[in-house]
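One structure is given here, and the rest of the page talks about it.
The values are calculated or read from the model by the stated rules, or taken from the named source; none is laboratory data. Fair warning: this is a prediction, and the values are worked out from it, not measured in the lab. FYI the Cβ positions are ideal-geometry reconstructions off the backbone, even for glycines, and counts take in every protein chain you see.
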Amino acid sequence: MSGSAFLRIPRTGAQVVGVIGASAVLALAVTGCGSATGASVNSGQMGVGSGPESSRSSLAPPEADGVTWKAQGSKVDGVPVTYVARPDDSISLLWMDSSILKYRYVPGYKVPENGPECADDRNPKTWMPKAAAGFNGGFQLTDNAGGYYYLGKTIRPLKSGLGTIVIAQDGTAKVGKWGRDLELSADTAVVRQNLPLVVDSSKDQTSSRDTASTWGAADAGASHTNRSAIGQLADGSLVFAFGSLVTAPELAKSLVDVGVVNAVALDMNKSWPTGFTYTHSQSKVTGSRIHPLVVRSPDEYKAQFQKDFFMAELP
């Protein structure tokens, strides 16, 4: 894109980090947000359907028997960046093109508990103008499902062997096992853990020996509940899964069937699992559910939300 650049904001210090045209961009320690959220910073909103030639993607949703992907949401250079599939009536899958999209993590104002929030994470104007997709985060920290690292601080100790989502300072995202696939580095912006991997090395990790609480206790002890998970394919693209009144094995199978290598279980029960795509027309942002039985409105993420969530962002 002529006359612009993507910039990385350091965690500390107020200084000029880059120049766009004749104007300087300042990174202020009081916000500390650009790298901490994993969101890239640019000179302004890019209209959907325009963008640099480098945005053209060679990635595509994975082919799988019985799975039909349909473009839903925004396009870049005329190419859809999010697709939705319904392998059955209960489950929807959201594929996101990670060669184009960047990812932002937004802490909730209640969950994760006692964690810091930067100023940008209280201002939807920092994520909605570039929103391509949004989906829910993990359990409460008090559920002891894993650790949490944010803004250069370990809020809850990270546990080796657990399923983990990592967002780097440049907005790239990875899903894997902590201590084997992923580790803390200078480029790490956010680490969110949530139980062991539900899919590990392309294999379903659920078992007939699982207890009712192995993958999170359902409301009132129900065998079926609303569930969610995030997985990564070998090409780096992400697949989010939403299931209405499903078991953990059913959700895991849907991810394995489309070639997911590693997947982390996310929030569950009636209203917490979400999954939305967004389109842009002039200054208006319109959201759509990836499944008709997602309880919450896509507009929930147009404001700060009580629980954490992830946003896939346009360039």
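Using beta carbons and a limit of 8 Å, which pairs, at least six apart or on different chains, have the first residue in the range 261-276 and closer than 21 Å to ILE167 by Cα and the second one among the basic types (Lys, Arg) and assigned to a loop (DSSP other than H, G, I, E, B)?
Close Cβ pairs satisfying both conditions: ASP267/LYS307; THR274/ARG296.
When you scan the range 249-257, do you find a residue that is part of a helix (DSSP H, G or I), among the small types (Gly, Ala, Ser), in contact with an Asp or Glu (Cβ under 6 Å, 6 or more places away or on another chain) and free of Cβ contacts under 8 Å to residues at least 60 places away in the same chain, even just one?
Checked against the condition, which is being part of a helix (DSSP H, G or I), among the small types (Gly, Ala, Ser), in contact with an Asp or Glu (Cβ under 6 Å, 6 or more places away or on another chain) and free of Cβ contacts under 8 Å to residues at least 60 places away in the same chain, the range 249-257 yields at least one hit.
Just for the range 205-248: of the residues that are of a type in the set (Asp, Glu) and outside any helix (DSSP H, G or I), which one is farthest from LEU182 (Cα to Cα)?
Going through the qualifying residues, I end up with ASP210.
Please verify whether the range 176-187 includes one or more residues that are closer than 30 Å to PRO315 by Cβ, more than 20 Å from the chain's Cα centre (by Cα) and surrounded by fewer than 15 Cβ atoms within 10 Å (Cβ to Cβ).
Yes - at least one qualifying residue is present in the range 176-187.
Residues to consider are ASP299, ASP219, ASP235, ASP210; find the one that is of a type outside the set (S, T, N, Q), at pLDDT below 95 and surrounded by fewer than 21 Cβ atoms within 10 Å (Cβ to Cβ).
Answer to the check: ASP219.
Pick from GLY47, GLY32, GLY38, GLY51: which is touching a Cys at 6+ places or on another chain (Cβ under 6 Å), modelled with pLDDT under 90, of a type outside the set (Asp, Glu) and not in a helix (DSSP H, G or I)?
None of the other options fit; the residue is GLY32.
Can you tell me which residue among ALA263, ALA248 is at pLDDT 95 or above and either of a type in the set (D, E, K, R) or touching a Lys or Arg at 6+ places or on another chain (Cβ under 8 Å) (or both)?
Exactly one residue qualifies, and that residue is ALA248.
Quick check, is GLY171 at pLDDT 95 or above, touching a Pro at 6+ places or on another chain (Cβ under 6 Å) and either polar (S, T, N, Q) or crowded, with 17+ Cβ neighbours inside 10 Å (or both)?
Considered against the rule, which asks whether it is at pLDDT 95 or above, touching a Pro at 6+ places or on another chain (Cβ under 6 Å) and either polar (S, T, N, Q) or crowded, with 17+ Cβ neighbours inside 10 Å (or both), GLY171 comes out as no.
Are any residues in the range 262-312 more than 17 Å from TRP95 (Cα to Cα) and part of a strand (DSSP E or B), and if so, which ones?
Hits for the range 262-312 are HIS280, SER281, LYS284, VAL285, THR286.
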